[in-house]
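The values are calculated or read from the model by the stated rules, or taken from the named source; none is laboratory data. This is a predicted model, so every value here is computed, not measured. Glycine also receives a Cβ, built like all others from the backbone with ideal geometry; neighbour counts cover every protein chain displayed. What goes into the accessible areas is simple: the full protein's heavy atoms, side chains included, and nothing from ligands, DNA or RNA. Shrake-Rupley method; radii C 1.70, N 1.55, O 1.52, S 1.80 Å.
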Amino acid sequence: MNITKNYGFILIIIICSVALLSVVAGSTSASSSAMISTSGTVSYSSTPTPSPTATPTPTPSPTPTPTQSPGRGGGGGGSTPTPTPTPPSGPNLASMPPATFWSVTDSSGWGWGNSLTTGYLDYPVSYGGQSDVLEMLPNNPQYTGGATSVANQGYCGCEEDGPWTPISPGDTLYFSAWIWISPSTCGETSLAGIIGCDAYNGKRICEIDNVNGVGTPDITNGVYLSSSAVTMLPWGTGGWKQLSFTWTVPSTLEADGCGGNSYGTMQTPSAFIPWIGLEVFRTGESGTMWVYGTVITISK
């Protein structure tokens, strides 16, 4: 019997057993940190860094819709007007009620309380949350007008005039009014609400219209102001809208030939008559215009 050979064989068996145990232990350790894909590729994974939780953006609260008060006679509803811009200094000459200013009747019969305006001008009425409102209806037979006057091109509207009021060159006139106009009853799409004044020096000189907030003569160098340039309000305003303008009285004005002074002559203004108009260009219209919060000031 060869003892040395047997010991060598046993030693080989022991070495192989130890190697086998190392392989098994290594395989077990690797299984906790590696993944084997179906293609045989080994990929190692790591613990992912958690994504930060996004802070939600707060949803803004909706702006509340202003509460409207019911209108008069089933019409509209009222909304609070935007605050009136601060006018030039001076007392308000045109505060409601009309009896203190707007009821004055001129020679043409324009005026609240005049027999020609009965049924077309009414005060006071309540409308749009206001109780001191002047109501104006179209188709006044007195409102016929002429082709050369911007404000009088409508042939069946309505007008309310103020009194003859003194002014001097260099004065600044401010005129504003809150106006609400119903939708047209006959599909009218033209503009309807207008304010302005006529300049005088004993006789009418010309008309002063509102062009983007600036009082503008209706004639310059023999050319009449285009009606499309005049700032007006449309039918169906849906609430109170303000018209306003400022006019600095010049030393002379060109006469438009529609009131006593010869066409084209230069005249010095010494007075004005303010007016509020509802322009209508077709018969059968029965829409309504309401006027509230008129302001006229004169700054020296």
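Under a 1.4 Å probe, what is the accessible area of the range 206-286 per residue, stated in Å²?
The answer is 39 Å² per residue.
Tell me the carbon and sulfur percent of the accessible area for the range 205-257, rounded to whole percent, probe radius 1.4 Å.
Of the solvent-accessible surface of the range 205-257, carbon and sulfur hold 51 percent.
If I model a spin label at Ser228 and Val214 as a point 7 Å from the Cα along the Cα→Cβ vector, what separation in nanometres do I get?
About 2.0 nm, to one decimal.
Could you give the length gained by full extension between Lys241 and Thr283, i.e. 0.36 nm per residue of separation minus their alpha carbon distance, to one decimal place?
Difference between extended and current length: 12.6 nm.
Name the long-range amide H neighbours of Gly157: under 5 Å, sequence gap of 5 or more, or other chain; modelled H, no Pro or chain starts.
The answer is Asn139, Asn140, Val280.
Given 0.36 nm per residue, what is the gain on full extension from Thr248 to Trp164 after removing their alpha carbon distance, in nm?
Taking 0.36 nm per residue and subtracting the Cα distance, the gain is 28.5 nm.
Given the peptides 249-255, 203-209, arrange them by the average over their residues of other C-beta atoms within 10 Å, most packed first.
Result, highest mean first: 203-209, 249-255.
Which of rounded, prolate, oblate describes the range 242-300, given a ≥ b ≥ c as roots of the alpha-carbon gyration tensor eigenvalues and a/c under 1.5 marking rounded, otherwise prolate only if a/b is larger than b/c?
The shape class here is oblate.
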